[in-house]
């Protein structure tokens, strides 16, 4: 059996590291992932935290063990009976540096070889420092790190815990979020409302360009004002809804168009907030947006009777309501999609609020006060 070690600081572990480890695990019988400690370096996370993040990120790779070590890597490998040191190389600079380290290691302990694995070109730009730099501006890092790492960074750098709140139309999720946001340290951001702002805002060129694309796709009847005038051009959401809620493909096109602008505005709204942040959206599951809240969901459930009661009085006909209900996943489908995401990503959970009849403000307060305390302890 050939044992190998892949060592790095893991502050934090990224998909670049994980790719090298996965490939090493296919080559060697057993791979030790060594999380090192350099006394001259200032880390964002403690050694124990970095080790645990790596352990969770590597779940599912059977022949891998995560350890913490200090001192010379070559000494640790020698004492543990490890034959090979695995190195990931992104460019010629990395290669030359690792070549020098190999020669230095040979001068200390002979007989331990170096195995070079070249980085996947799609991940060559990913590094721990780049991830932290992007996140400081609330940039999107879910393609760079696993969700457990993303959550750890959100807490350590911003003191934020993100919780997705979703449910079918008329389930009462907006009212629950409104009541919960009255609690200190809990904030509410409605992603659907951000979408409305994007459609109606006239303040930035991006949104005018977006509205022109929407008019091109759905016709002039969805626009208010002069399409040639960025100051007056707005989207009539009622007319647009009449079109997209009759055609799931058109609804999907619209959601895809709005996706990136909504994320940009979300980043601005997250800036400066501390505490539990409720991200409310009816289509978290449908649009696979669980990564925004690290697959931590509150699913607000209600009965058909209560749903009809909650929808009564909205300025929509029965046919319009039916189309909107049909355009979304059912409660069962939402739950199934969220569970699938949690199992795939090895991260997250689903909490269910049975909202039939409506929960009282005291009940909501007790629930979210408990969640707030739980997450404070868990993330600290």
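The values are calculated or read from the model by the stated rules, or taken from the named source; none is laboratory data. Worth saying up front: this structure is predicted, and the values here are computed from it rather than measured. Note that we place each Cβ from the backbone using ideal geometry, even for glycine, and neighbour counts take in every protein chain shown.
Brief remarks on what is shown
- Residue match in the stretch 249-266 (condition: touching a helix residue (DSSP H, G or I) at 6+ places or on another chain (Cβ under 7 Å), in contact (Cβ under 8 Å) with a residue 60 or more places away in the chain and not in a helix (DSSP H, G or I)): no
- Selection within the stretch 310-320 - assigned to a helix (DSSP H, G or I) and either without any contact (Cβ under 8 Å) to a residue 40 or more places away in the chain or assigned by TED's automatic domain parsing to the domain that holds residue 242 (or both): 318, 319
- Residues of the stretch 285-301 that turn out to be touching a strand residue (DSSP E or B) at 6+ places or on another chain (Cβ under 7 Å) and outside any helix (DSSP H, G or I), as a count: 8
- Taken as a whole, the stretch 329-341 holds at least one residue that is in a helix (DSSP H, G or I), touching a residue at least 60 places away in the same chain (Cβ under 8 Å) and either over 22 Å from the mean Cα position of the chain (by Cα) or more than 17 Å from residue 163 (Cα to Cα) (or both).
- Qualifying residue in the stretch 344-353 (condition: assigned to a helix (DSSP H, G or I) and either buried (at least 16 other Cβ atoms within 10 Å of the Cβ) or touching a residue at least 60 places away in the same chain (Cβ under 8 Å) (or both)): yes
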